Amino acid sequence: MTTFDQDHPVLGKVIENIEKVMIGKRDVATLSLVALLADGHVLLEDVPGVGKTMMVRSLAKSVSANFKRIQFTPDLLPSDVTGVSIYNPKEMQFEFRPGPIMGNIVLADEINRTSPKTQSSLLEGMEESSVTVDGVTKALPRPFFVMATQNPIEYEGTYPLPEAQLDRFLLKMNMGYPTEAEELELLNRLEKTSPIAQLESVISIEELIKLQDEVKEIYVDDTIKQYIVDLVSKTRNHPSVYLGVSPRGSIGLMKSAQAYALIKSRDYVIPDDVQFLAPYVLPHRMILKSEAKFEGVTPESVVHKIIERTPVPVQRTLNR
């Protein structure tokens with residue numbers, strides 16, 4: 001992470017607001033905000049009880065968002081996510097009852113505990129910002145942001161997310177355990193009441209949408225774009241990789257870097273932005289060869305080595 005930048009005066013307050021609830025998780029809060037600003041979605045993966053759900057709720061309250069929660073279970077149906085048309089005998093017509101996906105910030109809790117069929121019901125909404133029910137396409141509200149949580153695959157009763165679904169997530173990250181000092185502070189804060197109950201919004205939905213539009217105006221130099229392409233191309237040619245990062249990954253890395261630059265109060269992207277975000281944007285879009293997995297190679301380690309071995313461009317925009 002760059003150290004010479006000042007946080008955006010408004011977005012910095014959002015991060016600080018989340019930190020009132022999430023102790024020691026500034027990077028996770030920042031990355032979640034990156035995805036929200038870039039019109040992307042986040043997959044949080046970690047063991048139960050480390051605060052995945054609380055992170056989503058804190059973000060939603062901080063930006064005055066309409067929050068919806070979907071608790072994924074093995075018997076959940078696609079219509080339970082998207083909504084269903086129910087016949088109204090009084091009006092003698094079908095009425096659409098919107099599902100929980102019709103919100104600004106949607107928590108898809110324990111997404112890997114439901115069947116692939118129900119998992120895929122999120123795909124259209126995440127990619128197209130719309131859902132189709134009974135042949136009718138309905139637009140989702142703006143902003144629309146899915147933050148899914150999942151427990152590691154080795155836990156019982158879980159279903160691996162298909163590659164098509166993983167590729168729809170802009171970022172994938174872990175929460176991690178708190179340090180002893182952070183956990184002690186957590187106990188002190190929760191001794192009498194939950195901090196989430198007192199959390200107040202920092203910005204309005206209208207301000208958030210305006211900031212999302214500002215992200216698209218952040219300047220990305222041609223050298224930065226080539227740097228992104230170089231990184232992604234090397235994932236496709238790496239000897240340990242069976243399937244490399246898709247073009248959607250290249251686009252996602254650029255958009256993430258634009259959002260991160262805005263958080264750092266810059267109107268241009270620098271190589272540090274790309275290097276910081278690549279380990280969260282690229283690894284979950286890769287499939288390793290079986291022999292590489294056997295040798296202990298991980299997608300994260302591949303991405304880190306690619307970053308180390310790829311020449312950093314001389315950024316011409318630093319003095320813009």
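Has the range 174-181 got any residue that is of a type in the set (Gly, Ala, Ser), closer than 21 Å to Pro283 by Cβ and assigned to a loop (DSSP other than H, G, I, E, B)? Looking through the range 174-181, at least one residue is of a type in the set (Gly, Ala, Ser), closer than 21 Å to Pro283 by Cβ and assigned to a loop (DSSP other than H, G, I, E, B).
Against the criterion of being within 22 Å of the chain's Cα centre (by Cα) and modelled with pLDDT under 95, Arg309 does not qualify. Entry remark, the range 12-36: residues being in contact (Cβ under 8 Å) with a residue 40 or more places away in the chain, among the hydrophobic types (A, V, I, L, M, F, W, C) and farther than 23 Å from Lys255 by Cβ number 2 in total.
Before we move on, is Val136 of a type in the set (A, V, I, L, M, F, W, C) and touching a Leu at 6+ places or on another chain (Cβ under 9 Å)? Judged against the criteria, Val136 is not a match.
The listed residues are Tyr159, Tyr155, and the only one of them that is surrounded by 12 or more Cβ atoms within 10 Å (Cβ to Cβ), modelled with pLDDT under 85, among the hydroxyl-bearing types (Ser, Thr, Tyr) and in contact with a helix residue (DSSP H, G or I) (Cβ under 7 Å, 6 or more places away or on another chain) turns out to be Tyr159. Taken residue by residue, the range 90-100 has at least one member that is surrounded by fewer than 21 Cβ atoms within 10 Å (Cβ to Cβ), more than 23 Å from Val281 (Cβ to Cβ) and modelled with pLDDT of 85 or more. In the range 208-225, the residues that are under 11 Å from Ala257 (Cα atoms) form Cβ pairs under 9 Å with partners that are aromatic (Phe, Trp, Tyr), at six or more places apart or across chains, as follows: Ile218/Tyr268; Tyr219/Tyr268; Val220/Tyr268; Ile224/Tyr268. Scanning the range 126-139 for residues that are more than 22 Å from Gln71 (Cβ to Cβ), modelled with pLDDT under 80 and part of a strand (DSSP E or B) turns up Thr132, Val136.
For (1) exposed (fewer than 15 other Cβ atoms within 10 Å of the Cβ); (2) outside the structural domain of Leu211 (by TED's automatic domain parsing); (3) not basic (Lys, Arg), each residue gets a yes or a no:
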{"site": "Tyr87", "(1), (2), (3)": "yes, no, yes"}
{"site": "Leu107", "(1), (2), (3)": "no, no, yes"}
{"site": "Arg113", "(1), (2), (3)": "no, no, no"}
{"site": "Pro116", "(1), (2), (3)": "yes, no, yes"}
{"site": "Ala139", "(1), (2), (3)": "yes, no, yes"}
{"site": "Asn151", "(1), (2), (3)": "no, no, yes"}
{"site": "Gln165", "(1), (2), (3)": "no, no, yes"}
{"site": "Arg189", "(1), (2), (3)": "yes, no, no"}
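Going through the range 39-61 one residue at a time, which ones are in contact with a Ser or Thr (Cβ under 8 Å, 6 or more places away or on another chain) and of a type in the set (S, T, N, Q)? Result: Thr53, single match. List pairs: first residue in the range 58-72 and on the phi < 0 side of the Ramachandran plot and surrounded by 18 or more Cβ atoms within 10 Å (Cβ to Cβ), second residue hydroxyl-bearing (Ser, Thr, Tyr) and assigned to a strand (DSSP E or B) anywhere in the structure, Cβ distance under 8 angstrom, at least six positions apart or on different chains. Pairs that qualify, where the first residue is on the phi < 0 side of the Ramachandran plot and surrounded by 18 or more Cβ atoms within 10 Å (Cβ to Cβ) and the partner is hydroxyl-bearing (Ser, Thr, Tyr) and assigned to a strand (DSSP E or B): there are none. Those helices (runs of 4 or more DSSP H) of the range 48-125 in which at least 1 residues are farther than 28 Å from Ala29 by Cα, considering only elements entirely within it, cover 78-82, 116-119. On the basis of being assigned to a helix (DSSP H, G or I), outside the structural domain of Asp167 (by TED's automatic domain parsing) and crowded, with 20+ Cβ neighbours inside 10 Å, does Asp230 make the cut? Against the criterion (assigned to a helix (DSSP H, G or I), outside the structural domain of Asp167 (by TED's automatic domain parsing) and crowded, with 20+ Cβ neighbours inside 10 Å), Asp230 does not qualify.
The values are calculated or read from the model by the stated rules, or taken from the named source; none is laboratory data. If you're wondering where the values come from, they're calculated on a predicted model, not measured in any experiment. Reconstructed Cβ throughout: ideal geometry from the backbone, glycine too, with neighbour counts over all protein chains shown.
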